[in-house]
Amino acid sequence: MTVVLIDVALAGLLAVVVGRARAAWRFPRARIGWLGALVGVIALLTQGTIIPLPALDALLGGTNVLKLVQNVLTMVSLWLGIQAGTAPVTARVHTLRWSFPAFLGILFAVVFFVAMPERGSSSFHFVENAAVTSTGAWLYGVVHMAGIALVGALLFRSAKGSLPGVRPFFRAGAVGIVLGCVSEIVDLTMTRFFQSNDVVGALFDPLFYPGVVAFVVGMLRASRAATCIRRRGERLLRRLGDLARQRGVQRLATVSSDAPVDSRLHALRVAVEDAAIATSSPLTAEQRALLDDVDAHLTRQPTGVRA
């Protein structure tokens, strides 16, 4: 079942990567979510369901370093997913605050190599198996899971700013990811210091991976919503541009032609209404309805307000 969930998540992320490639090429802001999906694809490919894990780990020396790579990529993918929904319109991949994922990645790596100098041959469950006798393996597992759980908690908090049709999936994904990480921390601790429990040990996969799938579904829905919103904005900008020309309103020179659609739309909307007031030429009901639609778009309401 776990393999199926991993492959479903992989297929979903691939759909985002392919479907959003054009938008990522044209719009710098869209590259954040696209990159998050791409990193997620790479992270899931290292799980061994498509390419055998030993073959991938062999490229890194065959001493389970692939596990560290998986962990860092998973964390970065989730973090980028958060940034795709919360970063400002002007954000770019290189302007994001990379200090947080960089700190976690360095922490993972330091604990990994210091706490587990001897890691043995490639194994999917090598941390869980090593934790039976190794406090270092337990420490790394706890640090890694705590870091992912923290990112999951940030995902849950950031989901409040998502669109209604997207929010439940991000929140469900965040809950599954956090609970999965907590269950793994408990399992590792029981295994190392007390008595292992098969029930606790079996909780991670049915919690964590459905959470990942829900997160991916959220990304798919967010990708579709972003496309619809952008196209709606472009249609409104064309209609508002026609209205501005009819009324002799010039586009504001302070807003460049390559500025985000919403920025241009807002500036032109203000210019049209200001010109109507300045020239004492009221807008018609149809023209006012267009401005209402623009306001609805800018505030992400489904329809304009018809006065």
The stretch 45-57: number of residues that are touching a helix residue (DSSP H, G or I) at 6+ places or on another chain (Cβ under 9 Å) and free of Cβ contacts under 8 Å to residues at least 40 places away in the same chain: 4
Subset tally (residues that are touching a Gly at 6+ places or on another chain (Cβ under 6 Å), closer than 21 Å to residue 33 by Cβ and in a helix (DSSP H, G or I)) for the stretch 162-190: 6
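Can you find, within the stretch 116-135, the residue that is farthest from residue 181 (Cα to Cα) among those that are among the small types (Gly, Ala, Ser) and surrounded by 18 or more Cβ atoms within 10 Å (Cβ to Cβ)? Spell out how you get there, then give the answer.
We begin by selecting, within the stretch 116-135, every residue among the small types (Gly, Ala, Ser); these are 120-123, 130-131, 134.
The next check asks that each one be surrounded by 18 or more Cβ atoms within 10 Å (Cβ to Cβ); those that pass are 122, 130-131, 134.
Working: 122: 22, 130: 18, 131: 16, 134: 19 Å.
Only one residue fits best here, namely 122.
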Residues of the stretch 142-162 classified as crowded, with 16+ Cβ neighbours inside 10 Å and farther than 22 Å from residue 72 by Cβ, total: 2
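A short reminder: the numbers here are calculations on the coordinates, not readings from a lab. In this text, all values refer to a predicted model and were calculated from it rather than measured experimentally. With ideal geometry, Cβ positions are generated from the backbone for all residues, glycine too; neighbour counts draw on all protein chains shown.
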